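Visitor: Just passing along the structure, written as structure tokens.
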Amino acid sequence: MRKVLITGGAGYIGSLLTGTLLAQGHEVTVVDALMFGGESLLGFFGHPRFRFAKADVTQDALDELLPGIEIVYHLAAIVGFPACQQVGDAVAYKYNTEATKRVFEASERAGVERFILASTYSNYGIAPNGEAVTEESPLNPQSLYARTKIAAEEWLLERGRASRCAPIIPRFATLFGISPRTRFDLIVNQFVLEALRHRKLVIYQRDYFRSFVHVADVVDALLLLQEAPLPTVRNQIFNVGSETGNHSKQEIVTLVQKHVPGVTVEVRDLSFGEDMRDVRVSFEKIRCMLGFLPLRTVEDGIIEVLTTLESGLIPEPTSPRYRNHQFIVN
């Protein structure tokens, strides 16, 4: 049994990670400001190994929650290009960079063993010559979101050189799939929603490549980072996904059309300013060092999201629960 704390634990990844850790016998403390509500955690209340603290990681002290904690998953952030652009530089850096420093310093004081920071392959931006990027590739951020994450990474890796608390940085591909708090501001999930709702998709930059990974596979990767020998993962960056998840937007649309009959497609040319990512990603490092292989394809995710929406198991994504989501996805 490990004692784990998750910031942002009510979110897309955190809520699924919470349930998985509890099912495996661990003790889980979730810290979340509940910006999007707490419905995703309701099923865990009353569980003897679950506790919750409503807190804002940019201003509330976590020192009372951390004694005895072995692993911190720092997932709390303002996630994505549209959300960061909306709040502006100062707020984005406050939540994504400065909060990382605050939570890590508190973790150090408490004697935490591992600090796992959720980061993003958005940091790579545009890959030169179309070559697959690795963890050693130059960073070419195209958005405020990526710049805030790079700043957090750089500080954490430098601090980690002399710290007893080991930083570990997974850079996630674009997520898809269902969790206790599913997001619909991500390409695969949104395309399924829009296809089902309107039988029409509007796409931009259709030949641009992105990389995709199922949210449940991300949770599997996080568990590997939690249990791997500490010298193997200390101060390491890992791309999280699989080469089979590298797709152009047109390929995603074609897969959606395969499962949602009668969907028409309109192609538009539109610049998203700073966020013009076009990148294929190599996942050799996490595969070779930790044996990680995602189990779910993009097509699996499309079927999953479609089935869940058609069943009515999750609220209509235009409800207040999703009020802060951005429904323009580049």
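Visitor: List pairs: first in region 239-250 and on the phi > 0 side of the Ramachandran plot, second buried (at least 17 other Cβ atoms within 10 Å of the Cβ) and outside any loop (DSSP other than H, G, I, E, B), Cβ under 6 Å, 6+ apart or cross-chain?
Guide: G241/S211; G241/V213
Visitor: Please report, ordered by residue number, the helices (runs of 4 or more DSSP H) entirely within region 60-141 with at least 3 residues that are within 17 Å of the chain's Cα centre (by Cα) and in contact (Cβ under 8 Å) with a residue 40 or more places away in the chain.
Guide: Working: elements: 81-87, 89-93, 99-110.
The helices (runs of 4 or more DSSP H) meeting that bar are 81-87.
Visitor: I'd like to know if region 154-167 contains one or more residues that are surrounded by fewer than 17 Cβ atoms within 10 Å (Cβ to Cβ), in a helix (DSSP H, G or I), touching a strand residue (DSSP E or B) at 6+ places or on another chain (Cβ under 8 Å) and assigned by TED's automatic domain parsing to the domain that holds Q59.
Guide: yes
Visitor: Counting only residues that are of a type in the set (D, E, K, R), touching a residue at least 60 places away in the same chain (Cβ under 8 Å) and surrounded by fewer than 19 Cβ atoms within 10 Å (Cβ to Cβ), how many does region 170-206 have? Give the steps one after another, and end with the answer.
Guide: Taking region 170-206 first, the residues of a type in the set (D, E, K, R) are 171, 181, 183, 185, 194, 197, 199-200, 206.
Filter once more, keeping what is touching a residue at least 60 places away in the same chain (Cβ under 8 Å): 171, 181, 183, 185, 199-200, 206.
Pick out the ones that are also surrounded by fewer than 19 Cβ atoms within 10 Å (Cβ to Cβ) and you get 199-200, 206.
Residues flagged as of a type in the set (D, E, K, R), touching a residue at least 60 places away in the same chain (Cβ under 8 Å) and surrounded by fewer than 19 Cβ atoms within 10 Å (Cβ to Cβ) within region 170-206 amount to 3.
Visitor: Report yes if R321 is at pLDDT below 95 and either of a type in the set (D, E, K, R) or assigned to a helix (DSSP H, G or I) (or both), otherwise no.
Guide: Taking the combined requirement at face value, the residue satisfies it.
Visitor: Out of (1) touching a residue at least 60 places away in the same chain (Cβ under 8 Å); (2) more than 19 Å from the chain's Cα centre (by Cα); (3) more than 28 Å from Q190 (Cα to Cα), what's the single condition that is false for P167?
Guide: Here P167 clears every test but (2).
Visitor: Okay, moving on. Kindly provide the set of residues from region 1-47 that are among the hydroxyl-bearing types (S, T, Y) and surrounded by fewer than 23 Cβ atoms within 10 Å (Cβ to Cβ), ordered by number.
Guide: Our first condition is that a residue be among the hydroxyl-bearing types (S, T, Y); within region 1-47, this holds for 7, 12, 15, 18, 20, 29, 40.
The answer is T20, T29.
The values are calculated or read from the model by the stated rules, or taken from the named source; none is laboratory data. Please read these numbers as outputs of a predicted model, since none were measured by experiment. All Cβ positions, even for glycine, are placed from backbone atoms using ideal geometry, and neighbour counts span all protein chains on display.
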